[in-house]
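Inspection log for the structure reproduced underneath, given as structure tokens.
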Amino acid sequence: MTRASALKGRSGTVGSPLMGLLFVLPAIGAFALFGLWPIVHSFIISLHEWPGIGPMTFVGLKNYARMMRESLVGLAFLNNTIYSLGIILMAVIPGLILSILLVASMRGRLLFQTIFFFPRLLTQVVVALVWSWLFNPVFGLVNKLLIAIGLERFAIGWLGDPTWALPAVILAAAWTYYGFCMVIFMAALQNTDPFLYDAALIDGANGIQIFLHVTVPQIRHVLTMVIVFTLIDSFKVFDIIYLMTRGGPGDKTQIMATYIYREAFRHNYFGYAAAVSILLTVVVLAISVIIVRLRERGAET
Amino acid sequence: MYKRLLLVVVAILAVSALVFAGGQKTKEAQVVLKVWDQFLETDDAQAGSLKAIEMMGANFMAKYPGVKVERTPMAVEEMTNAFKPALAAGKGPDIAYSEMGVGFVGPILKAGYLMDLTPHWKERGWNDKLYSMAKDIPTLAGVTFGIGHELEFVPIYYNRNILAKVGLPTQPKTMAELEAGADKLLAAGYIPLGWGGKDWWYQSNFTTSMIWAFVDKDKIDAAMYRGASWKIPGVQEAIDTAFVKWAKKNFYIPNPTAIAANEVDMMFVQQKAATHVTGSWDINLYVTQVKDFDVGAMLFPPARSGKPFNTVSFCGSGYIVNSAASNPKVAIDYLDYVMASEEAAKIWIEVGNKLPPYKNKIPGLQVNEYLQDTLDVLAGQEVTPGLSMTCPPEVMSFLQKSAAMVLTNQITPAQWVEEFERLWAKGRAEGMTRDTFKF
């Protein structure tokens, strides 16, 4: 047997590990250059003091120690968590409900699908601008509506209120996200087993029982995926917060990304900002792993 | 057929080569001066400045035929983010029109990326032609690295018609008089102080104006330039007056922490707010938007009788030169024309509605009425550079958010002073103040 014949696959073509490596090398190279290296370089920067230009000064873990002392890091992390939970409540769950409603035979399904998905097509700049106008205390529609229905005492300066600024921004962000969730869930629902629904109906299950015990188990993989992506997206949000409130009033809507941006580009603490970004990366990874593991454990039981 | 095709291809290639060669020849003969500035088409406040800089660019190129001025306009924030990496990568402009704060330029200057213009100030006669503030602001540790521009002031602009209707003086002499006037305006159904605390510059500028009104200038100078404490009489009172007392009295546009510059402008133009607590950079707004009433300027009155008026001033931005500029002489020639020539100064004022640092008298100058009014009220009065010109970067961030924090009871005025002092001391320790910066 020749080497070539030993290497022939079932299709009869000659292959080798080297050839396979050559094919994946560009992808590995791109990932290493644009994915891995920036993380490694960020970690290197995090061990230095650096104002963004000129030489770096090695300081070891000083930036990480500083991070542990800064109360704003905890506040920003908390705000990100609230933001994530808010998006899940105001986008993922409504998206799931809408997808169930639309998957059922219904006239105008395509039209409604398009309408609900439309906000997803808008850029974050446009969304931030439009919602800033809606929440504007002088001419915004939200306050005008509240006044019109006799709820004048709720017509506040939303984006300048320390309690309501973050929920207002979450609402704006959720508005662009629920349509995306809806489309994903619709695709998942179309792969569910209709016989299971028939069986449940025969057994006398009501709508909620069918949803909890038939629908959700069948789409749990997709649900997990959407929640994980939502969490990852929520922890790296920047533009809508920056455009609508810049982290204000005070630091009430400060999130990790806006905090990192300010520390790097306004305060010249690039090393410290890199340390906080490493923390953010670790946290997001950890959350994602935990959720996937919990789901897998739930599937086993 | 193939021969014809070949002939066509050869012809196209030949023509392209000729055009390219011609272009190359033109390029080689021309010096390209790359300038980054902030004069955007999309920014209404800069409309006049854009026209002015384009005129000056054309004039400069007419005077220097071998030079092409290539402008790249960008927003201030974009410039702040892009400038350092561009310089570090060797792709920076020859000249940039940027903010002059020590937090931004300090690291760039330390890293050796900015040209020392000190000898040029002398050689080109800028020391005689330009106001000293245009040199003082862009000077750190004895090195003058730029030319400050857009001399700006923070008076209180007001609706002359409304004040006349309510019977108020056009220049209150003390804070108590201003407050009494505000009470009358409120009773007459107007918003006394057109101010909003959402945008960062509104917060920092108004805070500075109030501190300047309450604190003696010598104590301000000692704290800003010589390391003295900011825990001085007047600072806490200024914060308390502006963001507790006046807020409770409803002197501002309702929900001030949610009110941005656009809304403030709108309330003033629509004659709902009697005053416009902004700076002279907004004069363009009055020129373009105010049709139904007359606008005047008054100074922030001092907190007590006998204390001199002290108005916040800025060099809005300024020109700095890349130490690796491709043609340093051309870069300096450009600055000399744009900043220190009578012709350019006239264009800045008449077309740009901006005050350049050029101090010589300009014959036949036609000054916009609002700008003239501002200059008239300021004539002979004390001006002091605002905190944003001199403070460390973390203090700047604090100034940009702390008015809203006091307004929403997140901190008290006493806590404001403590934090301000702490951050200023931190900035000094890090060499980010004018008195501690060193190479």
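Values as computed for the structure displayed
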read-out: Relative contact order [Cα under 8 Å, 6+ residues apart], chain B, whole percent; value: 26
read-out: Once exposed loop chymotrypsin sites (Phe, Trp or Tyr not before Pro) are cut out (DSSP; at most 15 other Cβ, 10 Å), longest piece of chain A; value: A:1-138
read-out: Region A:213-221 - phi-based ³J(HN,Hα) in whole Hz, Karplus 6.51/-1.76/1.60, Gly and Pro as x; value: 9, 10, 5, 4, x, 6, 10, 4, 5
read-out: Residue order, fewest to most surrounding Cβ atoms within 10 angstrom, among A:Ile202, A:Ile53; value: A:Ile202, A:Ile53
read-out: Theoretical ellipticity at 222 nm over the protein assembly as shown - DSSP helices of four or more residues, -39500 (n - 2.57) apiece, nearest 500; value: -16500 deg cm²/dmol
read-out: Entries of B:Lys51/B:Lys426; B:Lys173/B:Lys231; B:Lys198/B:Lys249 with Cα pairs more than 31 Å apart; value: B:Lys51/B:Lys426
read-out: Net charge of Cβ neighbours under 14 Å - reference A:Val228; Lys, Arg +1; Asp, Glu -1; value: +2
read-out: GNM result for chain B, Cα springs below 10 Å: residue of B:Ile191, B:Ile162, B:Ile411 fluctuating most strongly; value: B:Ile411
read-out: Principal axis dimensions, largest first and in whole angstrom, of region B:206-279 by Cα; value: 44, 24, 19
read-out: Shielding of B:255-266 by partner chains, average beta-carbon count, 10 Å; value: 6
read-out: All lysines inside 20 Å of B:Lys291 as judged from Cα atoms, apart from same-chain residues fewer than 8 positions distant; value: B:Lys165, B:Lys272
read-out: Other protein chain Cβ atoms within 10 Å, averaged over every residue that makes up B:106-112; value: 4
read-out: Angle in degrees between helix B:328-340 and the longest Cα principal axis of chain B, rounded to the nearest 10; value: 40
read-out: Among A:Leu159, A:Leu102, A:Leu212: highest mean-square fluctuation, GNM of chain A, C-alpha pairs under 10 Å; value: A:Leu212
read-out: Candidates per trypsin sites (Lys or Arg not before Pro) in region B:268-347, loop by DSSP, up to 11 other Cβ within 10 Å; value: B:Lys291
read-out: Out-of-range pairs (alpha-carbon distance over 23 Å; input B:Lys68/B:Lys129; B:Lys63/B:Lys329; A:Lys144/B:Lys401; A:Lys252/B:Lys184; B:Lys135/B:Lys354); value: B:Lys68/B:Lys129; A:Lys144/B:Lys401; A:Lys252/B:Lys184
read-out: Least to most buried among B:His149, B:His120 (fewest other Cβ within 10 Å first); value: B:His120, B:His149
read-out: Average other protein chain Cβ within 10 Å of Cβ, residues A:258-270; value: 4
read-out: Longest DSSP-loop-exposure-free segment, trypsin sites (Lys or Arg not before Pro), chain A, at most 16 other Cβ within 10 Å; value: A:108-235
read-out: For chain B, the spread of Cα positions along each principal axis, largest first, Å; value: 90, 51, 48
read-out: Region B:366-439: trypsin sites (Lys or Arg not before Pro) falling in loop per DSSP and having at most 14 other Cβ within 10 Å; value: B:Lys438
read-out: Exposure proxy order (Cβ contacts within 10 Å, fewest to most) of B:Phe268, B:Phe300; value: B:Phe300, B:Phe268
read-out: 15 Å beta-carbon shell around A:Ser99, net charge (K/R +1, D/E -1); value: +3
read-out: Calculated FRET value between A:Leu212 and A:Arg297, using beta carbons and R₀ = 22 Å, to 0.05; value: 0.70
read-out: Trypsin sites (Lys or Arg not before Pro) restricted to DSSP loop in region B:146-190 with at most 16 other C-beta within 10 Å; value: B:Lys173
read-out: For region B:282-373: relative contact order, % (alpha-carbon pairs under 8 angstrom, 6 or more apart); value: 26
read-out: Per-bin percent of Cα-Cα distances, the protein assembly as shown [10 Å]; value: 2, 11, 19, 21, 18, 13, 8, 4, 2, 0, 0
read-out: Reference-scaled alpha-carbon Rg (2.2 N^0.38 Å with N residues) for region A:79-300; value: 1.18
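Throughout, read-outs are computed from the coordinates displayed, never taken from laboratory work. None of these values were measured; they are calculated from a predicted model. Quick reminder, even Gly has a Cβ in these numbers, built from the backbone with ideal geometry, and neighbours come from all protein chains shown.
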